[in-house]
Amino acid sequence: MSSFFRRNTKVAPDPETLCENSGSEKTGSERSGKMPAWIGKWGIGLILPLVLLASFALLQKFLMQFRGTGEYYSCKIFPIVSFLPVKLSSLVPVSLTEIFVVTLVLSSPVLLALFIIRIRRAVKEKRGKKFFFRVGRFTAWMLFTIYALFMLLHGLNYTRRPLEESLGFGRRAYTVEELKEVYIWVVDGLNVSRLESCEDARGVISYPGGVEKFLSDMETLYEESAEDLAPIIGNAGRPKRVALSHYWSYTYIVGMYFPFFGEPNINVDVEMSEILFNAAHEMSHMHGFAVENDANLAAMLICINSDCPELRYTGFCEALDLIFVELMYAFNTDTKGFEEFVVRHPIVDGYFRDDDARSAYWEKIDPPQIVSDASEAANDTFLKANQQEEGVQSYNMPRSNIADYYFTHVKGK
């Protein structure tokens, strides 16, 4: 029988002894010198991640006042931090960003339903307080992790010096005669590169081998062009086509850089003249230019400096928009003189065919106003949250940028 019953051999404590010693008993944390349990539970569980998250936000705001430090991070540290995401994503031929977003959207209803079931079960079993604390702790640490990665992989790049400053731009005003010289250079470059470019059956600019060939070539084309542009440095990576590009167009999204994967995503449903420049723009984000007008300037210079005629043409198209307006303002009230000068330097017909093709595409899309407004509002809010006070207006480059480039890096050589 002894094998079925274990006898309790402990001696019961004397009640009087317990009473005498009860006043001198200390908690486990007091005896061992460890921190109180509430500090570990609330401090590390909830308060610490929120404090760390706020610290990154304050760091970004602080570095906006010390652009030299931001520039050092973007040029020296960011290429190291972003190396692995860029290289790993480049190994995959499809857009990881698109897969992630689609998977998240499709799985959200299921995840939400499971979460509601867990809540009901926890409340029924009278452990709702413990359940919500765990959810809050997980959420706090998850938000901090996501925000910290965003800052390291993109957010801190908003604090670097403007690219035009690094290139020595914006140091003087230009006379009408100087701007005329720049205009002639831009028009000549545009005309020559357009005549050398590939066309499709409509007479609209194309790329030898099509979109897929361009995306596979773009990594090399970007890096070769960047060799002569010292401030544009970073990791080489491949831009990705978006399978749902047509639906992107209804939100006016033509490209997106996803920093967590170090991945430039390109809307391939638009005309090739847009795809060419959009790819250069998103790849400029990958090279550490978070501010939109910096990414536009970097893309324009990459294109103009490229040996690829199609890229060079799109770069000169951007330059033409800038110098045309700058020259018009320089002529001031002399409208007739401006018109006569422009007429003397005609632009090739291919340029106007490309422009008509772009206009026809967007007229065909004609997204609902509420969709385009929501998309723009979301982008505007995102940019302002990253210390870009101008919001979506930060896409606009200073008009003098192309004249600055010409006199500093073309004629100035």
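The values are calculated or read from the model by the stated rules, or taken from the named source; none is laboratory data. All values derive from a computational prediction rather than experimental measurement. Backbone-built Cβ (ideal geometry, glycine too); neighbour counts: all protein chains shown.
Miscellaneous remarks
- Conditions (1) assigned to a helix (DSSP H, G or I); (2) of a type in the set (A, V, I, L, M, F, W, C); (3) touching a Phe, Trp or Tyr at 6+ places or on another chain (Cβ under 9 Å); number of the one not met by F169: (1)
- Residues located in segment 175-203, provided they are buried (at least 18 other Cβ atoms within 10 Å of the Cβ) and farther than 18 Å from V342 by Cα: S193, R194, S197
- Flag for G210 being on the phi > 0 side of the Ramachandran plot and in contact with a Pro (Cβ under 8 Å, 6 or more places away or on another chain): no
- Subset of segment 315-332 [among the aromatic types (F, W, Y) and within 16 Å of T175 (Cβ to Cβ)]: Y329, F331
- Check on I77, more than 29 Å from the chain's Cα centre (by Cα), within 30 Å of N157 (Cα to Cα), of a type outside the set (F, W, Y) and modelled with pLDDT of 55 or more: no
- Cβ-Cβ under 8 Å pairs, at least 6 apart or on other chains, segment 207-231 side over 10 Å from C308 (Cβ atoms) and in the same structural domain as E196 (by TED's automatic domain parsing), far side surrounded by 13 or more Cβ atoms within 10 Å (Cβ to Cβ) and of a type in the set (S, T, Y): K213/Y207; E219/S90; P231/S166
- Exactly one residue out of N265, N235 is surrounded by fewer than 24 Cβ atoms within 10 Å (Cβ to Cβ), of a type in the set (S, T, N, Q) and under 28 Å from L152 (Cα atoms): that is N235.
- Check on M283, out of contact with any Ser or Thr (no Cβ under 7 Å at 6 or more places or on another chain) and over 27 Å from L179 (Cα atoms): yes
- Count - residues of segment 100-136 that are surrounded by 12 or more Cβ atoms within 10 Å (Cβ to Cβ) and among the aliphatic types (A, V, I, L, M): 6
- A280 falls short on exactly one of the conditions (1) buried (at least 24 other Cβ atoms within 10 Å of the Cβ); (2) within 22 Å of D355 (Cα to Cα); (3) more than 16 Å from the chain's Cα centre (by Cα), and that condition is (3).
- Condition check for R353: surrounded by fewer than 18 Cβ atoms within 10 Å (Cβ to Cβ) and at pLDDT 95 or above: yes
- Residue in segment 176-183 that is farther than 16 Å from A330 by Cα, basic (K, R) and touching a residue at least 40 places away in the same chain (Cβ under 8 Å) present: no
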